[in-house]
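One structure below.
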Amino acid sequence: MGMHLEWTSNLSVGVQEIDSQHRELFKRINSLLDATNEDMESEVVNDTFDFLQEYVLHHFTAEQNLMLTRKYPQSDEHMLLHNGFIRDIYRLQDKYEKDGATPELLEAIKSRISEWFLEHVTVRDKALGEFLKS
Ligand SMILES: [Fe+2]
């Protein structure tokens with residue numbers, strides 16, 4: 001389905017721990033896309049938001065630890081992006097709780113979660129991966 005994030009080998013950042021966490025995140029983002037697209041019961045949708053948020057925090061913490069340990073020069077900038085993403089997910093969940101799975105919400109989940117994450121992996125995390133391998 002075109003809606004879904006699909007993992008391909010060119011998304012690898014070359015660091016096994018990060019790659020496997022990215023795959024898990026793709027799955028959890030896809031679950032959120034399904035739950036909201038299919039307008040599932042609000043309890044299910046909320047659980048799916050929580051399930052995604054929990055893993056996002058786990059994954060960003062792991063990346064941030066690697067950046068700090070290796071003194072990655074772009075770590076501040078990278079962490080700001082992470083924090084913005086976390087905030088966006090909370091905001092979208094709030095919106096969902098207020099208004100339900102509106103077309104605007106679905107569009108925002110697509111652009112601010114799915115596409116954002118794909119872009120982040122392709123640009124920022126690949127740069128981080130290059131640095132960690134060097
Ligand atoms: Fe990142």
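The values are calculated or read from the model by the stated rules, or taken from the named source; none is laboratory data. Since the structure is predicted, the reported quantities are computational estimates derived from the model, not experimental observations. Note: ideal-geometry Cβ built from the backbone for every residue, glycine included; neighbour counts use all protein chains shown.
Taking the range 41-89 on its own, how many of its residues are under 20 Å from residue 104 (Cα atoms) and either modelled with pLDDT under 95 or of a type in the set (Val, Ile, Thr) (or both)? Matching residues across the range 41-89 total 5. When the criteria are applied in full, residue 36 meets the requirement of being surrounded by 18 or more Cβ atoms within 10 Å (Cβ to Cβ) and of a type outside the set (D, E, K, R). Selection of the range 62-79 for residues being within 11 Å of the ligand (Cβ to nearest atom), without any contact (Cβ under 8 Å) to a residue 40 or more places away in the chain and either exposed (fewer than 11 other Cβ atoms within 10 Å of the Cβ) or not hydrophobic (A, V, I, L, M, F, W, C) (or both) yields 64, 75, 77.
Take the range 120-134 and flag every residue that is within 11 Å of the ligand (Cβ to nearest atom) and either of a type in the set (Lys, Arg) or within 11 Å of the chain's Cα centre (by Cα) (or both). If the condition is that a residue be within 11 Å of the ligand (Cβ to nearest atom) and either of a type in the set (Lys, Arg) or within 11 Å of the chain's Cα centre (by Cα) (or both), then 120, 121, 124, 126 are the ones that fit. Counting only residues that are without any contact (Cβ under 8 Å) to a residue 40 or more places away in the chain and surrounded by fewer than 16 Cβ atoms within 10 Å (Cβ to Cβ), how many does the range 96-118 have? Of the residues in that region, 8 qualify. Within this structure, residue 26 fails the test of being surrounded by 13 or more Cβ atoms within 10 Å (Cβ to Cβ) and farther than 18 Å from residue 121 by Cα.
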